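Here, each number is a calculation from the coordinates, and none is a lab measurement. It should be emphasised that the depicted structure is a prediction, and the values quoted were computed from it without experimental measurement. Here Cβ is always computed from backbone atoms with ideal geometry, including for glycine, and neighbour counts include all displayed protein chains.
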Amino acid sequence: MNDAVDRVSAGGIRPALVCVGCGKRFPLDAYRLTCDEPHEPALLRSVFSETRLTLDTRAKGVARFAAWLPISEPLHPSSGPISFESEGLAHRLGLKRLFVCFNGYWPERGAHMMTCSFKELEAVVVAARLGNTGKTLVVSSAGNTGRAFAEVFSRMKRRLSLVVPEVNLGAMWSLQPFDPDIELLAVGSDGDYSDAIAVGERVSRQEGHFSAGGVNNVGRRDGMGVTVLEASTALGVIPDHYFQAVGSGSGGIAAWEASQRLRQDSRFGSANMKLHLAQNSPFTPMADAWQAGCAQLLPRSSARVRRCIAQVGAHALTNRSPAYSVRGGVFDALSHTSGHMYRVSNREAEAARGLFESSEGIDISREASVAVAALIQAVHEGTVQPNDRILLNITAGGQGRLFRDYHVKYHLQPALVVHPGRQRDRRASCEKVAPASAARRANG
Ligand SMILES: *Cc1c(COP(=O)(O)O)cnc(C)c1O
Ligand SMILES: [Zn+2]
């Protein structure tokens, strides 16, 4: 799988991009998302001049890992994930070496990611990849991504256009005022995450706008991969197992890529970190395909998909076009690591949340609860052994705690609500994209 990448010897100071499909190499710029050769869809991957990770020990948070991030300017100062060895949950599950990577707010443990999810890692790294292009980045989100990008781009005074389902607008909060140039479009008429993506694509084709590109953006993936770098450098070794809840699959792919880079470093052992990725039933397209032994997602009617998505509690896991079959994507990552996929019901997730919160003492999101529930399943089924080194990614946590500690004053208001048609041929009516002045009014 890594052959194409391995063939290309690293060199030069700046990171480069290499196509997983054909090995073609590109310089790192602000915009490139895909290869330009005519072949099946394949991810680009970052290659860095240093195969050994040099930690910037004077830096804090994400910036400690700058040597392995695809950036063109220094990272804006920002907190990062923390990792620790679990006692409470480990004891309850009979595990001897359970490690938690926590993304969010937990002051006693030094966790200060104030947007409370690992999407903040994507936002910080993407911003430093872009530099100041003067153009407007377009991001579609079910909530967490939007909040993270709005916060980071506000702080940096960079232009951003967000597209979020109207039902998820409550997620657009901040402790800081938003920059008036951050533009928010809401997708009404029960629009979901996929509708927001469709509208976002149209917005990004406008003059002066460009798309953040989802899984195809190496900045987003390598940003999320910081969770594995953080945990492995703290532990001194690559874990045997990695548990995460997935929707697009980007975080899972990112974790895999980070673990493979650490293997090449060789100071962190040679474990081929096994991916354990979880989805929230009844919407489990990747788990269904993987368990059927398929490299492609199984065909599903859009009516059925909508019905399933409506029942899912963990909204961030409802991506209808996950990065499963793309070369270098979830199917390849699971195959390469002999990984597993899990289906977790809302009820199991709720129970797992209760167990985590009572044993570790911090609230976690519904998505993170799905990962905990998958770990519980794996323990019961003997998929992991008591002495295995297990990394549990709590992708979002501490929001309840943050709301108790702070008065959250700011909510980003939509400049416009667009109403996409249900049928394929009725296009979203987003030609009327609001001028920045409308956003400013709505903000004030
Ligand atoms: C986005 C998100 C996920 C899933 O991320 P993938 O991109 O599918 O890996 C999991 N948990 C939380 C809290 C998220 O916001
Ligand atoms: Zn290619």
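Of W173, L184, G225, which is farthest on the positive side of the dipole of the range 173-227, counting Cα position, with +1 on Lys and Arg Cβ, -1 on Asp and Glu Cβ, and the Cα centre as origin?
Positive-end residue among those listed: G225.
Note down the Stokes-Einstein diffusion coefficient of the range 305-425 in µm²/s, whole number, using a Kirkwood radius over alpha carbon pairs, 4 °C, and 1.567 mPa s. Display every interim value, and only then the final one.
Details: Rh = 17.5 Å.
Rounded, D is 74 µm²/s.
Using only the alpha-carbon atoms, what does the chain span along each of its principal axes? Please give whole angstrom values in decreasing order.
58, 50, 47
Going Cα to Cα from K157, which lysines come in below 30 Å? Please leave out same-chain ones fewer than 8 positions away.
Reachable lysines: K60, K119, K135, K409, K432.
Under 5 Å between amide H atoms, partner at least 5 residues away or on a different chain: which partners does T136 have, H built in plane at 1.01 Å?
Placed amide hydrogens put H209, F210 under 5 Å from T136.
Using the Karplus curve 6.51 cos²θ - 1.76 cosθ + 1.60 with θ = phi - 60°, what ³J(HN,Hα) values do you get for each residue of the range 177-189, in whole Hz, with x for Gly and Pro?
x, 7, 5, x, 7, 6, 10, 10, 10, 9, 9, x, 6
Taking H placed 1.01 Å from N in the peptide plane, check which residues at least 5 places from V163 or on another chain put their amide H under 5 Å from its amide H.
V139, S140, S141, L185
For T145, T284, T395, what ranking results if the residue with the fewest other Cβ atoms within 10 Å of its Cβ goes first?
Ordered from fewest to most neighbouring Cβ atoms within 10 Å, T145, T284, T395 come out as T284, T145, T395.
Filter the trypsin sites (Lys or Arg not before Pro) in the range 26-135 down to the DSSP loop ones having no more than 14 other Cβ atoms within 10 Å, then list what survives.
Of the trypsin sites (Lys or Arg not before Pro), the ones in loops of the range 26-135 whose Cβ has at most 14 other Cβ atoms within 10 Å are R52, R58, K60, K96.
If we count other beta carbons within 10 Å of each Cβ, what is the order of I394, I364, I309, I71, fewest first?
I309, I71, I364, I394
Got a sec to turn the phi values of the range 147-163 into Karplus ³J(HN,Hα) couplings, 6.51 cos²θ - 1.76 cosθ + 1.60 with θ = phi - 60°, whole Hz, x for Gly and Pro?
4, 5, 5, 4, 5, 5, 5, 5, 4, 8, 6, 10, 7, 8, 10, 10, 10
Write out the chymotrypsin sites (Phe, Trp or Tyr not before Pro) in the range 233-302 meeting two conditions: DSSP loop, and at most 13 other Cβ atoms within 10 Å of their Cβ. All intermediate terms of the calculation are to be shown ahead of the outcome.
Numbers: sites: Y242, F243, W256, F268, F283, W290; in loops: F268, F283.
Counting only loop positions with at most 13 other Cβ atoms within 10 Å, none of the chymotrypsin sites (Phe, Trp or Tyr not before Pro) in the range 233-302 qualifies.
Beyond 12 Å, what percent of the Cα pairs of the range 202-251 remain?
Result: 72 percent of Cα pairs exceed 12 Å.
Let's see if you can work this out: charge +1 on each Lys and Arg Cβ, -1 on each Asp and Glu Cβ, no other charges. What is the dipole magnitude of the range 108-252 about its Cα centre, in debye to the nearest 20?
Roughly 440 debye for the range 108-252.
Mind checking which of V47, A63, T34 is farthest towards the positive end of the range 19-65's charge dipole, using Cβ charges of +1 (Lys, Arg) and -1 (Asp, Glu) about the Cα centre?
Ranked along the dipole, the leading option is A63.
Under a GNM of the chain (C-alpha, springs under 10 Å), which listed residue has the highest mean-square fluctuation: A316, A303, A150?
Largest GNM mean-square fluctuation: A303.
In the P(r) worked out for the range 7-159, what percent of Cα pairs fall beyond 27 Å?
Above the 27 Å cut-off, the range 7-159 has 36 percent of its Cα pairs.
What's the exposure ranking of V379, V344, going from fewest to most Cβ atoms within 10 Å?
Sorted ascending by nearby Cβ count, the order is V379, V344.
State, as an integer percentage, the relative contact order of the chain based on alpha-carbon contacts under 8 Å between residues 6 or more apart. It would help to have the intermediate numbers written out before the result.
Working: 993 pairs, mean separation 83.9, N = 444.
The normalised contact order for the chain reaches 19 percent.
With a cut-off of at most 15 other beta carbons within 10 Å, and DSSP calling the residue loop, which trypsin sites (Lys or Arg not before Pro) in the range 205-280 qualify? Please list them.
The qualifying sites are R205, R267.
Could you identify which residue out of A66, A198, A255 has the top mean-square fluctuation in a GNM of the chain using Cα springs shorter than 10 Å?
Of A66, A198, A255, the most mobile in the Gaussian network model is A198.
Read phi for every residue in the range 191-199 and hand back ³J(HN,Hα) as whole Hz from Karplus 6.51 cos²θ - 1.76 cosθ + 1.60, θ = phi - 60°, with x for Gly and Pro.
Taking θ as phi minus 60°, the curve returns x, 10, 4, 5, 5, 4, 5, 4, 5 Hz for the range 191-199.
Pick out which of E120, E183, E348 has the largest mean-square fluctuation in a Gaussian network model of the chain, springs linking Cα atoms closer than 10 Å.
Per the Cα network of the chain with a 10 Å cutoff, E348 tops the list.
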